[in-house]
Amino acid sequence: MTKIKTVFSCQNCGYQAPKWLGKCPDCGSWNSFVEEQLTAVPDRPTQAASISGQDIPPQSIAGIETREEGRLRTGVSEFDRVLGGGLVVGSIVLIGGDPGIGKSTLLLQALDKLAGNGVSVLYISGEESLRQTKIRADRIGVSSKNLYVLAENSLEKITDDLKKLKPKVAVIDSIQTVFTSQLQSAPGSISQVRESAGRLMLLSKSTSLSTFLIGHVTKEGAIAGPRVLEHIVDTVLYFEGDRGHPYRILRAVKNRFGSTNEIGVFEMKDGGLEAVANPSQLFLAERPIDVPGSVVISSLEGSRPILVELQALVSPTSYGMPRRTAIGVDPNRVSLLVAVLEKKVGMNLAQQDIFVNVAGGVRVEEPAVDLGVVSAVASSFLDKPIPSQTMVIGEVGLAGEVRGIHQAEIRLKEACKLGFKRCLLPKSNRSRILLELPGVELVGVGSVAETLEILF
Ligand code: TYD
Ligand code: MG
């Protein structure tokens with residue numbers, strides 16, 4: 001009889017304990033422990049446990065040959081950029097995101113392009129039947145003959161099929177639905193997810209198969225979060241966006257073969273996802289002109305500056321407690337900036353509700369947007385519009401000073417390209433800019449008070 005061992009593992013972070021715990025000592029989440037049975041795994045062949053699949057003794061680092069890793073271009077330009085210039089052969093990429101955001105659609109489209117270029121690809125769905133996948137494929141015009149589809153959950157069957165068909169690229173949609181019969185815990189539990197991903201990783205590395213793993217992330221962490229996989233895989237991408245908006249942003253958060261913080265912008269249309277080559281133009285398209293509370297800021301996403309509209313609405317409080325709501329920017333940051341406006345500029349905001357929103361469902365998380373938040377709030381409070389051809393960038397300190405930001409030049413270039421006439425930026429950045437920007441007036445500012453003086 002095989003001995004049955006049980007462990008309790010945190011479904012949020014994967015921490016394991018011999019007995020049940022109410023609170024995870026590692027990640028701090030409550031009531032996240034689930035009992036999982038581990039049957040003694042029969043001895044694995046040692047070969048399967050090695051990354052290269054061969055027995056290679058230790059080597060001197062000086063003697064190891066390096067080649068530029070081979071890359072496969074998917075042909076979806078935004079996707080390739082986020083991957084760091086294409087998919088590295090033999091790499092394993094995790095794509096996380098909320099359910100319904102468009103992960104399956106994106107990968108089906110990317111696989112179709114690859115297949116169209118003669119690369120053999122296999123799409124494995126554990127969530128949808130072949131018919132459902134076909135209906136989606138028809139909807140987005142995917143029809144390549146080299147694109148193979150498999151509806152399967154069992155890890156053993158999946159690895160068998162991968163070994164038989166020998167595709168160059170495979171997609172597992174999603175890793176939470178895959179399970180191995182060697183573990184007794186339920187599909188989607190942390191040990192199943194980790195074991196499946198680990199085995200697929202070894203298969204990828206030893207056969208030069210490139211694998212995409214799709215993973216659902218839920219805010220509550222109810223399903224075993226793919227976060228536990230982040231250290232196993234080569235690249236982690238997050239696909240995010242607001243369900244009410246058509247824009248989707250693909251973000252690299254870890255990349256062994258390229259820069260992180262690159263983003264790709266897509267628009268979800270009736271016929272699938274479309275790459276957006278000029279996101280600034282898109283995000284600014286519906287901007288109201290000369291309306292109080294609206295300002296254009298520049299947020300740097302990876303190597304790319306994106307201009308977005310930031311809106312603020314300040315109105316007298318009708319209940320006792322004034323409300324402070326921020327969407328798309330850090331709410332704590334907004335509270336801090338409001339306090340700076342009160343204390344350093346003398347603006348009386350104590351009895352005002354303040355709402356701040358980034359248009360288009362984009363999220364900006366950079367100190368460089370501080371000055372934009374301050375300007376938009378002041379503009380709404382004073383009921384005076386900021387001229388529509390003006391961009392505002394800069395970090396704000398607690399003393400009301402405007403501090404320098406990084407990469408000011410490329411942000412200004414983007415603003416110039418889109419026809420902006422005036423840019424307010426930190427003094428320290430202004431003095432260092434040697435660039436010729438035809439038609440753009442650069443105004444260096446040292447403090448919040450000075451900024452508001454210039455604007456209004
Ligand atoms: P999907 O790729 O199934 O999301 P995920 O795999 O991340 O769960 O996308 C689902 C949503 O996308 C669904 O709400 C409908 C929408 N959609 C479109 O708007 N246009 C399309 O062409 C497709 C295929 C989906
Ligand atoms: Mg899906």
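Below is a table of values for the structure above.
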| read-out | value |
| --- | --- |
| Residue selected from the range 1-17 under the condition part of a loop (DSSP other than H, G, I, E, B) and closer than 22 Å to Leu229 by Cα, by the criterion modelled with the highest pLDDT | Tyr15 |
| Answer residue from the range 396-420, given it is open to solvent by 50 Å² or more (accessible area, probe 1.4 Å) and either free of Cβ contacts under 8 Å to residues at least 40 places away in the same chain or out of contact with any strand residue (DSSP E or B) (no Cβ under 7 Å at 6 or more places or on another chain) (or both) and is nearest to Val338 (Cα to Cα) among those | Leu398 |
| Candidate set from the range 86-133 (those that are basic (Lys, Arg) and away from ligand 1 (no atom under 12 Å from the Cβ)); member that is farthest from Leu200 (Cα to Cα) | Arg131 |
| Ser91 surrounded by fewer than 24 Cβ atoms within 10 Å (Cβ to Cβ) and at pLDDT 90 or above | no |
| First in the range 254-267 and within 15 Å of Pro305 (Cβ to Cβ) and among the β-branched types (Val, Ile, Thr), second anywhere and at pLDDT 85 or above and open to solvent by 40 Å² or more (accessible area, probe 1.4 Å), Cβ under 8 Å, 6 or more apart | Val265/Ala275 |
| Matching residues in the range 116-128 - criterion: being open to solvent by less than 50 Å² (accessible area, probe 1.4 Å) and either within 14 Å of ligand 2 (Cβ to nearest atom) or free of Cβ contacts under 8 Å to residues at least 40 places away in the same chain (or both) | Tyr123, Ile124, Ser125, Gly126, Glu128 |
| Hits in the range 225-261 (condition: open to solvent by less than 60 Å² (accessible area, probe 1.4 Å), outside any loop (DSSP other than H, G, I, E, B), farther than 23 Å from Ser189 by Cα and of a type outside the set (D, E, K, R)) | Gly241, Tyr247, Ile249, Leu250, Ala252, Asn255 |
| Condition broken by Asp161, with the remaining ones in (1) closer than 14 Å to Ile214 by Cβ; (2) open to solvent by less than 60 Å² (accessible area, probe 1.4 Å); (3) of a type in the set (Asp, Glu) satisfied | (1) |
| Residue within the range 165-188 that is closer than 12 Å to Phe212 by Cβ and among the polar types (S, T, N, Q) present | yes |
| Residue match in the range 312-326 (condition: touching a residue at least 60 places away in the same chain (Cβ under 8 Å), within 30 Å of Phe266 (Cβ to Cβ) and either among the basic types (Lys, Arg) or surrounded by fewer than 20 Cβ atoms within 10 Å (Cβ to Cβ) (or both)) | yes |
| Test: residue in the range 279-289 that is in contact with a Lys or Arg (Cβ under 6 Å, 6 or more places away or on another chain) and open to solvent by less than 60 Å² (accessible area, probe 1.4 Å) | no |
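For every residue, the table says whether it meets (1) modelled with pLDDT of 90 or more; (2) more than 16 Å from ligand 2 (Cβ to nearest atom); (3) basic (Lys, Arg).
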position	(1), (2), (3)
Glu35	no, yes, no
Thr46	no, yes, no
Ile64	no, yes, no
Gly70	no, yes, no
Pro99	no, no, no
Leu108	yes, no, no
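The values are calculated or read from the model by the stated rules, or taken from the named source; none is laboratory data. This one's a predicted model, so the numbers in the text were calculated from it and none came from an experiment. A quick note on method: Cβ atoms are made from the backbone with ideal geometry, for glycine too, and the neighbour counts reach across all protein chains shown. Protein only, heavy atoms only, side chains kept; ligands, DNA and RNA dropped before computing areas. Shrake-Rupley method; radii C 1.70, N 1.55, O 1.52, S 1.80 Å.
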